Amino acid sequence: MAEIVAIEHPARRPEGRARPPAGAALRRWSLRGAAFVYLGLFIILPVGVLLQHGFGAGFANLRDALRTPGGSAAIRLTLEMAALTAIINGIFGTLLAYVLVRMRFPGRDLLTTVVDLPFAVPTLVAGVMLVALYGPNSTVGGWFEAHGIHIIFAPLGILLALLFVTLPLVVRSVQPVLLELDPAEEEAARVLGAGRWTTFRRVMFPALRPAIAAGCLLAFARALGEYGAIVIVSGNIINKTLTAPVFITELLQPSAYVRTGGPDAAAAVSAVLFGLAFVLVLITEKLVHTERS
Amino acid sequence: MPRWFLSRVGPALALLVAVTGTACSSSSAATSGPCTPSANPVVTLAAYSNPYAAYGKLISTWQSEWKDAHDGQLVQFLTSFGGSTTQAQSIINGLGADIYASSLAPDVEMVQQAGLITNDWQHAKDNSIVQSGSVVFDVRPGNPKHIENWNDLTQPGLKILTPDPAQSGGAKWNIVAAYGAAMRGEVPGYQKGNTADAERLLEGIFKNVTVMDKSANDSLKNFESGNGDVAITYDYQLAAAKAAGGDDVLVEPPSTVQVQTPTVVVDENANAHCVADIAKQFVDYLHTKEAQDIFASTAYTRPIPTAEAAKATDFLPAVKDLFTTDDLGGWDQLVSDTVFGPNGAFTQAFQAAKG
């Protein structure tokens, strides 16, 4: 399903360049043209090449990739982890945004900045940090290990890495909407006897819903493609902790070419991930749009 | 639309949570504590990335042989592939690998120093080496820059690709190859046994290095996509790329190092998982004729004994002067002193080339 949607999206070129009317129209068109060219060069063209490599020979490459040991398990694990990431960060990202916008406490500005930190930290470094903190041989990780909870080199570690990397997406998507909401409505609800939770659920949540959904889907899409943090924390055990992005890089090994389509198989799997992300972004836009209009 | 989303997708996601939850808890059943051999043993192998296809075949072959000899018992393998040094660090950080297939001995020593390997792997059969190859040049069709020997790499304006030795364990092989060839007097214009000359060769080469990728594999990919005039790489990796249809041309330098990759049992983990015996038997199997043939046909490697390795194979040319790291004083000396040490030939040459 995902691939079909992606294929149906050819590069659109601006039309009707003939008969340029007045100078204003020309400027408008050149602005539009610049936007299209930019998008075409940096997004549509590379994606087109990816699709051409991955599906130029039909679905054979994808089939090859999925037949490679661990291929389908890697995609499944990636989808599960991304979904969990979206849900958990959906909840806690919203909570964070609420606390940051509606509550006054010392260090609030600092905390607001800290939320953006995951964007600035190279994800590989995030992975190294998590291993140092939760690795089986660290103090904290060792305690969990002794109680039978495996974090690093287990799915839980992948989840932690993804939560770290995608946290700002939900917070930053909910925050501006929350800022625009009139606190008077909440106060009115409180005055009329609603508790904090009821106020949130009945008054704020309906207004925030599209923003939360958008943040969740962005987090999901981002989690699908994460490589740097995961490659360190997961241990990349085939059928157990190998995720799709890491699997894709393994397909690129020259020694794997012979058995699979190599780069073409990698392109096919990438296109599936990309297709999923693309569909999700479309849904997000639709959600936000319907809610606003 | 959002209501639709919440009512339809919500339960599906909740189900996912449940499914993943059970997946997590089942993975926490890894054995530890008193050693009682499991009826369904699980062996974890952490390997460097190159022998991906070879280990797939080796494991399935060994598994069926074991099954026949042990009343139908299936030994399950969990495998992980990645950079050699990265894998070593993961094992030290607690990745419970029972077997470690490394691309070079110093990485195994790292794991050993962490106390996880207690067997005398350096003095085991074949010194624990299971794969061998050589460092070669990957050039454009027709070899337009006439690259035949190490000194040809110093010609002005040449663009060389070799991985970053700070990141890639494999990159060290390339440097040791050039250093050794010079020290053995096999490079025209560089005096035998002259450290200053070897340093001069490395400096000349690294002046021309335009791209330092993070792994040997990335270098090769980069070269195949049109970058540079020559990539320094492993012969077996090049043979794999050629088998996949690349137009790479392999040039075997007259004098080069024999790449030797050890595979060892990580005793601490294997004992904890109660699979020490099985792990050892698998590693022993890697040294058999059958396994070596699989390595040669799948990973295009050379035989383990150096004299044998210097001969031409079905996929690779003969080497005139194939030397080993032991001929240069051993890895310890190369890493801590002569080549990569603070005043080592590479350290000095690299500073001079990039300074």
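Bear in mind that the values in this text are calculations on the coordinates, not laboratory data. Here the structure is a predicted model, which is why all the values come from computation and not from measurement. When we count neighbours, we look across all protein chains shown, and the Cβ atoms used for this are built from the backbone with ideal geometry, even at glycine.
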(request) Please list the non-local residues whose amide H lies under 5 Å from the amide H of B:VAL43, H modeled 1.01 Å from N, same-chain partners needing a gap of 5 or more. (result) B:GLN76, B:PHE77, B:LEU78
(message) Compute the helix-to-body angle for B:276-285: its Cα long axis versus the longest principal axis of chain B, expressed 0 to 90° and rounded to tens.
(response) 40
(message) Given bins 20 angstrom wide, list per bin the percent of all Cα-Cα distances in chain B, short to long.
(response) 28, 50, 19, 3
(request) Go ahead and collect, in residue order, the members of the stretch B:160-193 whose backbone nitrogen is under 16 Å from a label point 7 Å along the Cα-Cβ direction of B:LYS320. (result) B:178, B:180-192
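Which of B:TYR179, B:TYR236 has the fewest other C-beta atoms within 10 Å, and how do the rest follow up to the most? If you can, show how the numbers build up before the last one.
Values: B:TYR179 26, B:TYR236 30.
In increasing order of surrounding Cβ atoms, one gets B:TYR179, B:TYR236.
What is the dipole size for chain B, taken about its Cα centre, with +1 at each Lys and Arg Cβ and -1 at each Asp and Glu Cβ, in debye to the nearest 20? Present the calculation step by step, with values, prior to reporting the outcome.
Numbers: 22 positive and 37 negative charges, 221 e Å.
Computed charge dipole of chain B: roughly 1060 debye.
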(request) Using label points projected 7 Å from each Cα along Cα→Cβ, tell me how many nm separate B:GLN333 and A:ILE43, to one decimal. (result) 6.0
(message) If the elastic network links every pair of Cα atoms under 10 Å, which of A:THR112, A:THR85, A:THR241 fluctuates the most in the Gaussian network model of chain A?
(response) A:THR112
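List the relative contact order of the stretch A:61-292 as a percent without decimals, with contacts defined as Cα pairs under 8 Å and 6+ residues apart.
Details: 313 pairs, mean separation 76.3, N = 232.
For the stretch A:61-292, the relative contact order is 33 percent.
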(request) Please give the net charge around B:SER336, taking every other residue with its beta carbon less than 14 angstrom from that of B:SER336, where Lys and Arg add +1 and Asp and Glu add -1. (result) -2
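Provide B:TRP173, B:TRP66, B:TRP331 in ascending order of the number of other Cβ atoms located within 10 Å of each residue's Cβ, fewest first.
Values: B:TRP173 28, B:TRP66 18, B:TRP331 22.
Neighbour counts put them in this order, fewest first: B:TRP66, B:TRP331, B:TRP173.
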(message) Quick check: pseudo-label points 7 Å beyond the Cα along Cα→Cβ at A:ARG190 and B:ASP126, how many nm apart are they?
(response) 7.4
(message) I need the shape label for the protein assembly as shown. Rule: rounded when a/c is under 1.5, else prolate if a/b > b/c, else oblate, with a, b, c from the alpha carbon gyration tensor.
(response) prolate
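Net charge near B:THR325: determine it from the other residues with C-beta under 14 Å of the C-beta of B:THR325, scoring Lys and Arg +1 and Asp and Glu -1.
Numbers: positive: B:LYS172, B:ARG184; negative: B:ASP107, B:GLU109, B:ASP326, B:ASP327, B:ASP332, B:ASP337.
Once positives and negatives cancel, what remains is -4.
Could you tell me which helices of chain A pass both thresholds, a Cα extent of 20 Å or more along their own axis and a mean Kyte-Doolittle hydropathy of at least 1.6, with helices taken as whole DSSP H runs?
On the way: long enough: A:23-39 (24 Å, 0.49); A:71-102 (45 Å, 1.35); A:155-180 (38 Å, 1.77); A:205-225 (30 Å, 1.30); A:263-292 (42 Å, 1.15).
Membrane-span-like by this rule: A:155-180.
Hey, which of these cross-link pairs are over 20 Å Cα-Cα: B:LYS159/B:LYS221; B:LYS159/B:LYS192; B:LYS207/B:LYS320; B:LYS214/B:LYS354; B:LYS214/B:LYS320?
Working: B:LYS159/B:LYS221 15 Å; B:LYS159/B:LYS192 27 Å; B:LYS207/B:LYS320 27 Å; B:LYS214/B:LYS354 18 Å; B:LYS214/B:LYS320 30 Å.
Long pairs (Cα-Cα over 20 Å): B:LYS159/B:LYS192; B:LYS207/B:LYS320; B:LYS214/B:LYS320.
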(request) Compute the distance in nm between two label points, each set 7 Å from the Cα along the Cα-to-Cβ direction, one at A:LEU111 and one at A:SER30. (result) 5.0
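Quick one: compute the contact order of chain B, relative version, from alpha carbon pairs under 8 angstrom and 6+ residues apart, as a percent. Display every interim value, and only then the final one.
Numbers: 622 pairs, mean separation 83.6, N = 355.
Across chain B, relative contact order equals 24 percent.
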